[in-house]
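The structure appears right after this line, and notes come after that.
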Amino acid sequence: MIEQSISYPLPEFDLSPIKLKLMDAKEGKGWTNELVNRVEVEYRRFLFMNKQYPRLALVPSKLVDDFWHQHILDTKKYLSDCQEYFGYFLHHFPYFGKRGETDAENLKQCWQQTLSLYETLFKESAMDSYAVNCSDCGASSCGACSSQGGGGTSCSGGGSGGGGGGDDKSLNLLLAQDVLNTHIRPSLPQ
């Protein structure tokens, strides 16, 4: 489990059923134990940020969003966990950024705000928490990027939520893709 670098109270409810489902290759995402544990910490941090700043539009990374979706699918548990932690139901709005250019720009701004708040609260960058540093995609020197004509890059790693064999290179490929999906791609023109 990743060590938490803050003393703030993160949600403590049991997420083991959600993690189990995410690791299932057929009904979940086929995530490794290492990946699901890393994303669990990020998800708890995302929930904490939402509790502390309920009026901000905070944007989860792709992996955190996948974890959130799986939690929501367990409707009774999600409702109970929300009531326990927030005192209300935390709604998910999956259309943010998809309703035109202004909305897409708002999503980008909210993503930057989320990254900034994350760094302020947790004393590390969200990218550091995903072990990223590649200048092209943020991958941890894993070879996840392949240059394309026109100066762009694309992740050559596994699909969203796949993981291969549980080794560090596969994990870094998936985490790099998460950064691409969340951080770089939204800033590119549609």
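The values are calculated or read from the model by the stated rules, or taken from the named source; none is laboratory data. Small disclaimer: the values here were computed from a predicted structure and weren't measured. Reconstructed Cβ throughout: ideal geometry from the backbone, glycine too, with neighbour counts over all protein chains shown. In case anyone asks, the SASA skips ligands and DNA or RNA and just uses the protein heavy atoms, side chains included. Shrake-Rupley method; radii C 1.70, N 1.55, O 1.52, S 1.80 Å.
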Inter-residue pairs, beta-carbon under 6 Å, first part of a loop (DSSP other than H, G, I, E, B) and in the stretch 75-91, second of a type in the set (Lys, Arg) and surrounded by 12 or more Cβ atoms within 10 Å (Cβ to Cβ), 6+ apart: PHE86/LYS51
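Taking the condition under 19 Å from THR120 (Cβ atoms) and either open to solvent by 30 Å² or more (accessible area, probe 1.4 Å) or touching a strand residue (DSSP E or B) at 6+ places or on another chain (Cβ under 7 Å) (or both), does GLN52 pass? So that I can check it myself, show each step before the final result.
Details: under 19 Å from THR120 (Cβ atoms): yes; either open to solvent by 30 Å² or more (accessible area, probe 1.4 Å) or touching a strand residue (DSSP E or B) at 6+ places or on another chain (Cβ under 7 Å) (or both): yes.
For GLN52, the condition - under 19 Å from THR120 (Cβ atoms) and either open to solvent by 30 Å² or more (accessible area, probe 1.4 Å) or touching a strand residue (DSSP E or B) at 6+ places or on another chain (Cβ under 7 Å) (or both) - is met.
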Top-ranked residue in the stretch 71-127 [being among the β-branched types (Val, Ile, Thr) and under 18 Å from the mean Cα position of the chain (by Cα); ranked as surrounded by the fewest Cβ atoms within 10 Å (Cβ to Cβ)]: THR120
Any hit, the stretch 5-27, residues being assigned to a helix (DSSP H, G or I), touching a residue at least 60 places away in the same chain (Cβ under 8 Å) and within 26 Å of GLU119 (Cα to Cα): no
